[in-house]
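The values are calculated or read from the model by the stated rules, or taken from the named source; none is laboratory data. Since we're looking at a predicted model, the values are computed, not measured. Cβ placement follows ideal geometry from the backbone for every residue including glycine, while neighbour counts extend to all protein chains displayed. Areas reflect the complete protein model, heavy atoms only, side chains present, ligands, DNA and RNA absent. Shrake-Rupley method; radii C 1.70, N 1.55, O 1.52, S 1.80 Å.
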Amino acid sequence: MPSLPSLRGPRAPPLPLLLLCLLAPVRRSSEDGRTPAASFTSLPVREEMMAKYSNLSLESHNISLTEHSNMPVEKNITLERPSNIELTCQFMTSGDLNSVNVTWKKGDELLENNYLINATGSILYTQYMFTIVNSEQMGSYSCFFEEKKEQRGTFNFKVPELHEKKKPLITYVGDSVVLMCKCQDCFPLNWTWYRSNGSVQVPVGVPMNNKYVINGKNANETRLKIMQLSEEDQGSYWCHAIFQLGESEEHIELVVLSYWVPLKAFLGIAVEVVLLVAIILLFEMYTQKKKKHSDDGKEFEQIEQLKSDDSNGIENNAPRHRKNESVGQ
Amino acid sequence: MALRAEPPDGGWGWMVVLSAFFQSALVFGVLRSFGVFFVEFVAAFEEPAARVSWIASIGIAVQQFGSPVGSALSTKFGPRPVVMAGGILAALGMLLAAFATSLTHLYLSIGLLSGSGWALTFTPTLACLSRYFSRRRSLATGLALTGVGLSSFAFAPLFQWLLSQYAWRGALLLVSALSLHLVACGALLRPLSLAEDPVVGGPGAQLANLLHHGPFLRYTVALTLINTGYFIPYVHLVAHLRDLDWDPLPAAFLLSVAAISDPVGRVASGWLGDAVPGPVARLLMLWTTLTGVILALYPGAQAPTALVALTVAYGFTSGALTPVAFSVLPELVGTGKIYCGLGLVQMVESIGGLLGAPLSGYLRDVTGTYTASFVAAGAFLLAGSGVLITLPHFCLSAPTSKPQDPVTEALDTKVPLPREGLGED
């Protein structure tokens with residue numbers, strides 16, 4: 001594939017090809033509309049926009065596709081604050097690069113401008129540059145390469161997600177509890193709390209009173225302290241982390257028990273212990289009584305036998321009921 | 001009931017073994033699994049970890065230093081009422097802890113109250129066990145002590161489940177209910193009157209007698225030395241493994257391996273202690289020396305297989321020395337003075353236990369590795385076994401291990417005893 005001249009003409013110094021493509025000049029967006037792939041470079045960049053957002057950071061992301069890719073390739077990107085974005089897709093095919101149709105879409109909507117197409121050897125590059133400043137600009141951006149089959153690469157932009165906690169918080173009536181939400185590496189602009197009965201979320205703690213106190217030690221965490229808990233406070237609580245580019249939420253389940261719940265179990269076990277002790281002691285008294293009776297009975301027998309032996313003169317070998325001592329170890 | 005010349009060696013004694021099994025489970029199993037509550041307390045009271053760990057430390061200290069009190073009371077009143085009262089105290093401590101609003105409440109309820117309860121239960125039970133057995137004493141003690149290891153296995157997940165269902169307040173209520181079973185265990189401790197009991201007299205006289213008893217004092221010194229080195233691996237093994245770049249999960253698993261070989265060692269040593277003729281002190285010296293040598297070998301072991309083998313061996317030998325350690329005492333002081341003797345021993349040896357772990361930690365801080373700590377632990381154990389050699393009849397094989405005081409009472413003599421209980425005349 002021969003190298004393509006830059007519109008800047010021969011005055012441009014010799015540069016690596018891709019860099020050449022990137023330095024292509026401004027083009028009026030009204031001319032020509034979309035040019036067919038690989039004919040020449042085009043990069044209608046709005047210079048005013050670049051100047052306004054030049055203090056934002058730049059995020060660059062890449063996706064590689066081949067003609068044999070079976071599944072669409074996706075990349076998830078976490079974005080917290082407004083940034084300039086540079087998305088690059090490269091497509092490798094053995095066929096004719098000219099016949100590949102390149103498009104960019106945001107969601108299902110076709111994108112018209114701000115992307116360029118270039119080719120080197122058997123790799124086709126396309127790049128889309130734009131800026132994200134508000135939540136409507138977040139979402140999924142896809143590049144499409146249409147040859148015989150359509151190959152697609154998607155960049156998903158999301159605000160940082162909050163750490164998911166699964167365990168419900170167990171508390172008791174009259175206690176106080178602290179619900180905490182924390183974001184690992186991000187710093188939301190603001191936090192808000194809601195509770196939900198069913199599907200509707202109702203704000204919580206906004207008029208701070210004796211019951212609710214909201215504070216947080218750092219910017220990346222928030223704490224909702226609820227005091228004087230009652231059974232009505234039981235339910236789902238949501239904390240929302242508000243970023244410039246959207247919101248993210250986390251769910252915490254609060255369970256409020258009355259003291260009676262574990263107390264019932266405690267009393268049940270205490271009754272069981274009392275029964276055990278009673279059984280053990282009664283059993284012992286019973287065996288003692290039996291032993292006493294058999295003692296008396298045996299003593300009586302021995303006395304009788306002694307009497308009879310004495311009178312008979314036979315040696316007495318009556319077994320003694322007490323255990324003979326064992327000889328040492 | 002009349003006096004016996006010799007312990008029954010069976011019969012109701014096996015019920016006492018059962019009672020001692022459950023008691024070691026309920027006292028030491030609860031103590032060892034209390035770490036599960038630790039995280040909850042740190043979060044609930046927003047206190048640093050060091051302050052929360054004092055709860056368990058106070059409990060252990062009160063249990064050990066209070067042992068002589070439990071022993072003295074058992075001598076006077078018999079083990080049954082003392083253990084039952086101890087069970088009620090232990091349960092009461094946990095019950096009050098469920099309503100705690102500050103860490104100090106926990107220090108007082110779990111540390112002081114439950115600790116006192118535990119002091120009144122464990123030592124009298126083991127002493128009672130020694131009175132019920134003579135030929136099979138070591139085996140009975142070994143079997144009873146397996147309760148500790150097995151309960152640590154069972155209670156840790158149980159407590160975790162209780163926490164997930166009832167949070168820490170409800171969980172403490174239910175642990176209190178669990179501890180109430182100590183009362184039932186106490187009920188099983190039928191008083192036994194042995195022939196030498198009237199001869200040895202009340203607790204005051206016994207204590208005075210023991211403090212002048214040479215072999216007893218030497219034995220106490222030996223056990224203190226042993227105790228100083230004994231706990232170090234349990235406390236520092238995981239940290240030592242992490243120093244050697246082990247991951248936390250395999251390191252914890254290695255501790256459980258030791259926890260498995262420990263009860264095996266206890267039962268095996270108990271059986272061996274009864275089967276082998278001669279003073280049990282020799283076996284104690286054997287196991288102690290082996291444990292000391294193993295500990296001294298730890299710094300040299302780097303390969304995982306060597307460490308695993310050493311840990312299995314350590315679990316076995318350290319478990320093996322426990323039942324024989326308890327069996328030596330009746331041979332030394334006689335079953336009549338066993339309550340007081342055991343109480344004193346527990347109190348003094350606990351000093352070793354309290355000093356051992358911090359000393360090891362200090363050595364680690366000074367030298368940078370646990371090498372010095374393990375070697376010091378081994379040295380303490382070897383020193384303890386050295387002192388054991390000075391016990392009477394060690395080198396010469398004694399014919400029987402008769403108690404010091406002569407048994408002169410005939411079987412049928414009924415002597416009023418300073419003790420109450422069912423079945424006593």
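General observations
- With both labels modelled 7 Å from their Cα along Cα-to-Cβ, the A:His293 to A:Leu189 distance reads 9.1 nm.
- Rounded accessible area of A:Val271 (nearest 10 Å², 1.4 Å probe): 90 Å²
- Residues with amide H under 5 Å from that of A:Gly216, placed H, sequence gap 5 or more: A:Arg223
- Evaluated with a Cβ-only charge set (Lys, Arg +1; Asp, Glu -1), the stretch A:169-256 carries a dipole of roughly 280 debye about its Cα centre, given to the nearest 20.
- Highest-MSF residue in chain B out of B:Gln165, B:Gln23, B:Gln63 [GNM, Cα springs under 10 Å]: B:Gln165
- Per residue, the average separation of C-alpha pairs within less than 8 Å and at least 6 apart gives the stretch B:8-191 a relative contact order of 41 percent.
- Relative contact order for chain B: 26 percent, from Cα pairs under 8 Å spaced at least 6 residues apart, divided by residue count.
- Once the C-beta distance of A:Glu74 and A:Lys217 is scaled by a Förster radius of 45 Å, the resulting FRET efficiency is 0.80 to the nearest 0.05.
- Mean-position separation - Cα centroids, the stretch A:214-253 and the stretch B:170-246, in angstrom: 49 Å
- Across the options B:Leu244, B:Thr371, B:Val42, the greatest Cα extent toward the positive end of the charge dipole of chain B (unit charges at beta carbon of Lys, Arg, Asp, Glu) belongs to B:Thr371.
- Taking every Cα-Cα distance in the stretch B:1-108 and sorting them into 10 Å bins starting at zero, the pair-distance distribution P(r) comes out as 11, 36, 29, 15, 7, 2 percent.
- 19 Å Cα-Cα threshold exceeded, pairs from A:Lys182/A:Lys217; A:Lys292/B:Lys76; A:Lys105/A:Lys158; A:Lys75/A:Lys158; B:Lys76/B:Lys337: A:Lys292/B:Lys76
- Label-point separation, B:Trp271 to B:Leu255 (7 Å along Cα→Cβ), nm: 3.0 nm
- Charging the Cβ of each Asp and Glu at -1 and of each Lys and Arg at +1, and nothing else, the dipole of the stretch B:1-128 about its Cα centre rounds to 280 debye.
- Considering only B:Leu106, B:Leu162, B:Leu189, the mean-square fluctuation computed in a Gaussian network model of chain B, springs between alpha carbons under 10 angstrom, is largest for B:Leu162.
- The alpha carbon centroids of the stretch B:105-138 and the stretch B:337-393 are separated by 21 Å.
- Largest-first ordering by accessible area, 1.4 Å probe, given options A:Ile280, B:Ile226: A:Ile280, B:Ile226
- Residue by residue along B:21-33, Cβ atoms of other protein chains within 10 Å of the local Cβ number 0 on average.
- Listed residues A:Val102, A:Val274 arranged by accessible area, highest first, probe 1.4 Å: A:Val274, A:Val102
- Ordering A:133-139, A:113-119 by mean Cβ neighbour count within 10 Å, with the highest value first, yields A:113-119, A:133-139.
- Karplus 3J(HN,Hα) series, Hz, for the stretch B:282-294 with 6.51 cos²θ - 1.76 cosθ + 1.60 (x for Gly, Pro): 5, 5, 4, 5, 4, 5, 5, 4, 4, 4, x, 5, 4
- With a 1.4 Å probe rolled over the protein heavy atoms of all chains, the accessible area of B:Tyr370, A:Tyr53 falls in the order A:Tyr53, B:Tyr370, largest first.
- Simple point charges give the picture: +1 on the Cβ of Lys and Arg, -1 on the Cβ of Asp and Glu, and for the stretch A:50-158 a dipole about the Cα centre of about 220 debye.
- Among B:95-102, B:274-281, sorting by the average number of other beta carbon atoms lying within 10 angstrom of each residue, highest first, gives B:274-281, B:95-102.
- Cα centroids of the stretch A:102-172 and the stretch B:280-315: 61 Å apart.
- Under the Karplus curve 6.51 cos²θ - 1.76 cosθ + 1.60, θ = phi - 60°, whole-Hz ³J(HN,Hα) for the stretch B:35-50, x wherever Gly or Pro sits: x, 5, 6, 3, 4, 5, 5, 4, 6, 6, 9, 6, 10, x, 4, 4
- Here the Karplus curve 6.51 cos²θ - 1.76 cosθ + 1.60, taken at θ = phi - 60°, turns the phi angles of the stretch B:215-228 into couplings of x, 4, 5, 5, 4, 4, 4, 4, 5, 5, 4, 5, 4, 5 Hz, with x standing for Gly and Pro.
- The amide H of A:Tyr259, built 1.01 Å from its N in the peptide plane, has A:Val173 as neighbours under 5 Å, considering only residues 5 or more places off or on other chains.
- Rounded to the nearest whole angstrom, the semi-axes of the ellipsoid equivalent to the stretch A:169-256, taken from the Cα gyration tensor as √(5λ), stand at 22, 14, 11, largest first.
- Shielding by other protein chains, B:90-100, mean Cβ within 10 Å: 1
- With all protein chains modelled, accessible area of A:Thr93 [1.4 Å, Å²]: 10 Å²
- Residue-level accessible surface for A:Ile226, protein heavy atoms, 1.4 Å, Å²: 0 Å²
- Here each label is just a point 7 Å from Cα along the line to Cβ, and for A:Val133 and A:Ser196 those points are 3.3 nm apart.
- The C-alpha radius of gyration of the stretch B:199-396, expressed as a fraction of 2.2 N^0.38 Å, stands at 1.08.
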